[in-house]
Amino acid sequence: MIIHHPLLGPRDASEFTYLGDAALIHRPDWEAEDALDQFIDYGYLRSNPAGLHRELWFHEGGDRSWLVVTRDTTTHEITKVELARDVARQEGRSK
Amino acid sequence: MSDRSNDMIPRTPLGGTEPRVDTHGPVTLTEVTNTAIASFASRLGQESTAQDVLAKFLGTPVPEAGRAVFGDALGAFWTGPDQWMVTAPHTSHEDLAAQLVPLANGSASITEQNDAWCRFDLLGDGLADVFERLCPFNIRACSGGEATRTSIDHLGCFVVVADPTHIMVMGPRSSAGSLHHALMTAIRSAH
Amino acid sequence: MSQTNRLNGGLINRDRPMSFKFDGKSFQGYEGDTLASALLANNVRLMGRSFKYHRPRGPLTAGSEEPNAIVELRSGARKEPNTRATTAELFDGLTATSQNRWPSLAFDAMAVNDRLSTFFAAGFYYKTFMWPAAFWEKVYEPIIRKAAGLGSLSLEPDPDSYDKGFLHCDLLVIGAGPTGLMAALTAARSGAEVILADEDFALGGRLNAETFSVGDQSASGWAASLVGELSAMPNVRVMPRTTVIGAFDHGIYGAVERVSDHLPVPADGKPRQILWRIYSKQAILAAGATERPIAFEQNDRPGIMLASALRSYVNRWAATPAKRVAVFTNNDDGHRTAADLHAQGVKIAAVIDTRADGPVSRDYEVLQGAQVSDTMGRLGLTFVKVQLADGSERTLECGALGVSGGWNPNVHLASHQRGRPTWQDDIAAFVPGDALPVGMSAAGAALGHFSTHGALQSGVDVATKALDVLGITSNRPTLPEAEDAPINVTPFWHVDGAKRAWLDQQNDVTAKDVKLAHQENFTSVEHLKRYTTLGMATDQGKTSNMGGLAIMAELAGKSIPQVGTTIFRPPYTPTAIGTLAGRSRDEDFRPVRKTPSHTWAEEQGAVFVEVGMWLRAQWFPKDGETHWRQSVDREVSQTRKSVGICDVTTLGKIDVQGADAATFLNKIYCNPFAKVPVGKVRYGLMLREDGIAMDDGTAARLAEDHFVVTTTTANAVGVYRHMEFVRQCLFPDLDVQLISTTEAWAQYSVAGPNARDLLQKVVDPEHDISNEAFPYMACGEISIGGVRGRLFRISFSGELAYEIAVPTRYGDALIRKLVAAGEEFDAVVYGTEALGVMRIEKGHAAGNELNGTTTALNLGMGRMVNKKKDSIGSTLSEREGLNTEDALKLVGFKPVDPSKSVPAGAHLMTKGDKVDAAHDQGYITSACYSPNLGHHIGIGFLKSGDTRLGEIVRLVSPLTEVDHDVEVVSAHFIDPEGDRLRV
């Protein structure tokens, strides 16, 4: 597979380490009333779509960026690649 | 600080007292030890200040993603977002990191990397034939000024292209022997 | 009798004769021959025996699709079984041996299987060996193992080397026949970066095997001139002897280049083969087509081959399998074979055409509407029996029979990503379907354009389309004149009523086996394949699958496309395991990491152990020590008595800087770091988000905004990855920067009561390292002989201890300096075994305890999890299941009988309880002999262990026959109060 790194262009997937669902960015608030339940969902419940999937890849053999890769799990077509840090900020992880 | 006593004798990454040089066919492989290295990472919110500091130190604009710049003595290459490796002669800049810290004045995090890496320079013609046996990075498309981290025989290495006849490989120092073996094997296979 | 069947002409170099041996007999051939063509020229048709029935066989094909002529090539360590004689390029001194026969190819004892064939029909394996069950291991399996398999291994290490490599191109052209050459030329002249790969050593595909002309040149001459032009262009890489074996995601192709297979041995330093990973933007599948046979009675005798193969042997290699041949065809292309052979002086016994309206000839007899009904000749064809249109029979004398059942486009690579081929009626064959791998298009014969003109045209057209996608304007070359004859095929798959008509000749599957599969309801193609083993041999059914599908369709009353094909998978042709391994084998399996003291340790005769990729000294044997325990006990005792030195460089070191560095550490460690003063070190426990312990280490605060964090050796990579995840994905606006510095510093532990005295001699005199100036858990910068260094007062052994670091280039000098300075204290250097013993004696948790199932609570560090802050894992560590009353607790164990050991992995049972999983109380994680206590000790996890000190529990390990009592004690066997650390 080839992942089009937003800064470095096409790179072989062998340079990357896979983590999984990009929903892992959304770590719950530890002070929420139902924090324990939220963390259990966060830790153990994952979607497993046949189709587009947003997932985290780490460019371990490259620039050490975490990326959010949107990949079709049925064809391996990659439709979008973003820096995870940008995604995290856009999705409210800044404070 | 007292004078350096003569029993603290440095070793090269390959374990010798002098850098190793091998020549095979058109390619010369040289162990390069006279390189001081410091990583330079911008602090959050101070990216432009940090870049200005680095550019002033280098005397050239800082390299973009995937690029390197080379000065007379100083050089730098991009290693990640807002992050570079700065290089200088070890003989004159052993304390490169310490020199950069006051210049950055809190705008960047600077870490000494002098001995984290072994460096091998490949000089000669036909280097693309060697590198196509080593890593997925397309050396044939390089004209000079490219820098990337890639995997060579399972080792995460920086490949920095000065020009098509001069390419530097920086790998983990503890695996200098394995990296040297991989490079020599590829040179013998290609030429 | 030398080369009696060699004709005139051909693309062989008669100025370069070559000697070779087959089954010990010497022969001569020429440069340009394959082993098969050279054997045929020497009138050898019998080249192998089949897999199951050991039937005598000769080549069916002249290419990589060969099922029959499979030999062991070379000898000794370089012997390679299952090599196709039809692709093995002849070199002077080549030796080959037929396989699957004993004692000889002409007389094979296992051929008795052929007489017993009724027992060995499809599915025999499943039916025969079912009972009695006890017979399987003792009787059936050994017999099957002996009989099974093609060829034999040398059982010696492969002396050759294999490379892996990476290539990049705009356009990859797969196959260098008329289509591929034209496609490559179009793209090359348009300025694209082109790779042209072909499995053959002579590029041109069928152009090298045909007599017609292309433009004003011979077909092979035209091919050679085009290859010449392409080879001279800087933007083209022409790769002969290179098989594209697989189409992978996003335009990546795997290709095997046989660099040295045509040489007696590879040149010095050169690989035998290279596995290339080709990154292409576009690819054209110009892999051509493969002729398919017709199934008829006894159709496997040596001398019976595909008509196109017969033509190739005669035209390209000037070798004929016999002086008198016949052709059996259902299409016009078979007639071309007869015409070419006739022109070369080979006698044509007759052309047997299944069609009543096929072409006729003035030069030889054509039997229209006829079929081959039987053949004769035990070790080679002598006669064929023909049933004529009027029902009468005729016997023809011939030593070879060319068979043509039409052509199958080589769709394999087009289907490697599960795209199904589609049926095309006019050629009665499958062509690549719609769902090709991204960036790939098919062209020429691979797309069903079988004429030379059609192929050339298709090459230009498809290349132009690919260039369009790349945004390159096509510079279309002028098409040369070439033949454009249709093949006029009328589907004809098998002759009715045959008892033994072979489909898959390598796995000995007959038309009857397919019928049996159908009868037993294995009608899906995937079931048919597995039940009969059709297409499961090394040739993957390239010549046989279609025949099987056609018969199954007929039996099921379906059309062939309704039956469908099995899945096509890489590799396209058999690939050596060594090629896939590349350089990563033996001592180069993975890189080695050496510590800064490695050279010194080698000089001392240290015994090394692999820890991850690191080579670490395990112990340092001294003269007179004959057992490792003597060395380790000495190293431990001497360290605790005086002082010991150990290389601890391998611990991961991560530099953490930034205004929010302390906040960041508060996130990744469960215990707090904000208040650690500059110049101090603190132990940290890192949890996974699920509350399980992940790693532990220390963080030294070098400045307000600067820490150095250590990780365990094994987890350095994973911890760094985790820290970057937390930094970039969870807390993107913390001002923190990370970089590994593991390799930058050589670091040694100096431990024992004399540690300070030793160090004082080593560090430059201006540094005060007294207990007052540099107390327990202090850190700071120092210098050694003017070299910048760092000192940390931390201890893993439980003794007064320091870790001292210098830039790695001085690591060798520092170990020598420490040892020299240690002489007056009788200092020892200790290895990882002694390190382990001392940490177990001290009760420090390590990898065995942080084993992916244990929590801070289990480790006795439950109170470290700070509830006043958010850290990774803190919330989930509070789950009920992880905090039960009887949770496992880390405690120590000593044997009640001091002569007994406490083996790690043994389980703990309450005295009097049953010994079973339901009553399990815990297990030992780490154990050793303690030279300080004089008996074995262990640490491990015991339910409610902290409340059971003094209890005697039962230690069991049924597998290793351990069953004795141990006493539950504190895990801190040495200095439980920690006084020694602070002196």
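Summary table
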| item | result |
| --- | --- |
| Positive-end residue of C:Leu949, C:Cys729, B:Pro26, charge dipole of the protein assembly as shown with Cβ unit charges | B:Pro26 |
| Sites matching trypsin sites (Lys or Arg not before Pro) across the range C:298-402 that sit in DSSP coil, with at most 16 neighbouring C-beta atoms within 10 Å | C:Lys323, C:Arg362, C:Arg378 |
| Simple Cβ-charge dipole of chain C, Lys/Arg +1 and Asp/Glu -1, about Cα centre, in debye nearest 20 | 1320 |
| For C:Ala429, residues with placed amide H under 5 Å, excluding near neighbours | C:Gln424 |
| Accessible surface, 1.4 Å probe, highest first, among residues C:Glu724, C:Glu89, C:Glu781 | C:Glu781, C:Glu89, C:Glu724 |
| Charge sum, other residues only, whose C-beta stays under 12 Å from C:Phe792's C-beta, Lys/Arg counted +1 and Asp/Glu -1 | +4 |
| Alpha-carbon centroid distance for the pair the range C:462-503 / the range C:654-690, whole angstrom | 67 |
| Averaged over C:580-588, number of beta-carbon atoms from partner chains that fall within 10 Å | 2 |
| For chain A, built as a Gaussian network whose Cα springs stay under 10 Å, the top-fluctuating residue of A:Ala35, A:Ala23, A:Ala13 | A:Ala35 |
| Gained length - C:Glu481 relative to C:Asn866, 0.36 nm times residue gap less alpha-carbon distance | 130.2 nm |
| Accessible area buried at the A-C interface, both sides summed, 1.4 Å probe (Å², nearest 100) | 2800 |
| Under 11 Å, Cβ to Cβ, from C:Pro234 - net charge with Lys/Arg +1 and Asp/Glu -1 | +1 |
| Dimensionless Rg over Rh [the range A:15-84; C-alpha; Kirkwood] | 1.05 |
| Rh (Kirkwood; distinct C-alpha pairs) - the protein assembly as shown, Å | 35.1 |
| About the Cα centre, charge dipole magnitude for the protein assembly as shown (Lys/Arg +1, Asp/Glu -1 at Cβ), debye | 2500 |
| Backbone N within the range C:918-939 under 15 Å of label point (7 Å from C:Ser899 Cα along the Cβ vector) | C:935-936 |
| Cα centroid separation - the range C:511-561 against the range C:780-831, whole Å | 73 |
| Heavy-atom accessible area per residue - the protein assembly as shown, 1.4 Å, Å² | 39 |
| C:Thr626 versus C:Asp496: modelled label distance in nm, points set 7 Å from Cα along the beta carbon direction | 8.7 |
| Gap separating the Cα centres of the range A:37-57 and the range C:323-370, nearest whole Å | 67 |
| 222 nm mean residue ellipticity, helices alone, for the protein assembly as shown (DSSP H n ≥ 4; -39,500 (n - 2.57); rounded to 500) | -5500 deg cm²/dmol |
| Protection proxy ranking of C:467-474, B:110-117 - average other beta-carbon atoms within 10 Å, highest first | B:110-117, C:467-474 |
| Chain pair A, B: total accessible area buried, heavy atoms, 1.4 Å probe, Å² | 800 |
| Distance violations [Cα-Cα > 27 Å] among C:Lys667/C:Lys894; C:Lys515/C:Lys542; C:Lys622/C:Lys889; C:Lys869/C:Lys889; C:Lys675/C:Lys867; B:Lys56/C:Lys667 | C:Lys667/C:Lys894; C:Lys622/C:Lys889; B:Lys56/C:Lys667 |
| Heavy atoms of C:Phe792 accessible to a 1.4 Å probe, total area in Å² rounded to 10 | 20 |
| Residues of the range C:7-27 with amide N under 20 Å of the 7 Å Cα→Cβ point at C:Ser152 | C:21-25 |
| Solvent-accessible area of B:Met184 with every protein chain in place, 1.4 Å probe, in Å² to the nearest 10 | 10 |
| Exercise: per-residue mean of other protein chain Cβ atoms within 10 Å, C:273-281 | 2 |
| Buried accessible area, chains B and C (both chains, 1.4 Å probe, Å² to nearest 100) | 4400 |
| Rounded percent of accessible protein surface that carbon and sulfur make up, the protein assembly as shown, 1.4 Å probe | 52 |
| Positive-end residue, the protein assembly as shown charge dipole about Cα centroid, Cβ charges, pick of C:Ile784, C:Leu685, C:Leu203 | C:Leu203 |
| Whole-Hz couplings from phi, Karplus 6.51/-1.76/1.60, listed for the range C:586-597; x for Gly and Pro | 6, 5, 9, 4, 8, x, 10, 10, 10, 7, x, 8 |
| Under Karplus coefficients 6.51, -1.76 and 1.60, residue-wise ³J(HN,Hα) of the range C:303-317 in Hz, glycine/proline x | x, 8, 8, 5, 4, 5, 5, 4, 5, 4, 4, 6, 7, 7, 10 |
| Distant-in-sequence amide H partners of A:Arg64 (H built 1.01 Å from N, under 5 Å) | A:His59 |
| Inter-chain shielding of A:6-15 (mean C-beta neighbours from other protein chains, 10 Å cut-off) | 5 |
| Ranked packing of C:531-542, C:725-736, C:231-242, most packed first, by mean Cβ within 10 Å | C:531-542, C:725-736, C:231-242 |
| In order through the range C:480-495: 3J(HN,Hα) via Karplus (6.51 cos²θ - 1.76 cosθ + 1.60), integer Hz, x for Gly, Pro | x, 4, 7, 4, 9, 7, x, 8, 6, 8, 10, x, 8, 9, 7, 7 |
| Estimated dipole of the range C:756-850 in Debye, rounded to 20 [Cβ of Lys and Arg +1, of Asp and Glu -1, Cα centre] | 300 |
| Under-5 Å amide H pairs with C:Thr741, H placed in peptide plane, nonlocal only | C:Lys653, C:Ile654, C:Asp655 |
| Area accessible to solvent at C:Thr698, 1.4 Å probe radius, in Å² | 20 |
| Inter-site label distance for A:Thr79 and C:Glu610 at 7 Å from Cα along Cβ, in nm | 4.4 |
| Cβ-based net charge around C:Arg16, under 9 Å, with every Lys or Arg adding one and every Asp or Glu removing one | -2 |
| Cross-link pairs C:Lys52/C:Lys385; C:Lys680/C:Lys842; C:Lys138/C:Lys512; A:Lys80/C:Lys164 - those with Cα-Cα distance over 24 Å | C:Lys52/C:Lys385; C:Lys138/C:Lys512; A:Lys80/C:Lys164 |
| Net lengthening on full extension, C:Glu704/C:Trp102 (0.36 nm per residue, minus Cα-Cα) | 208.7 nm |
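The values are calculated or read from the model by the stated rules, or taken from the named source; none is laboratory data. Since the structure is predicted, the reported quantities are computational estimates derived from the model, not experimental observations. Cβ coordinates were reconstructed from backbone atoms using ideal geometry, including for glycine residues, and neighbour counts include every protein chain displayed. Heavy atoms of the whole protein, side chains included, go into the accessibility calculation; ligands, DNA and RNA do not. Shrake-Rupley method; radii C 1.70, N 1.55, O 1.52, S 1.80 Å.
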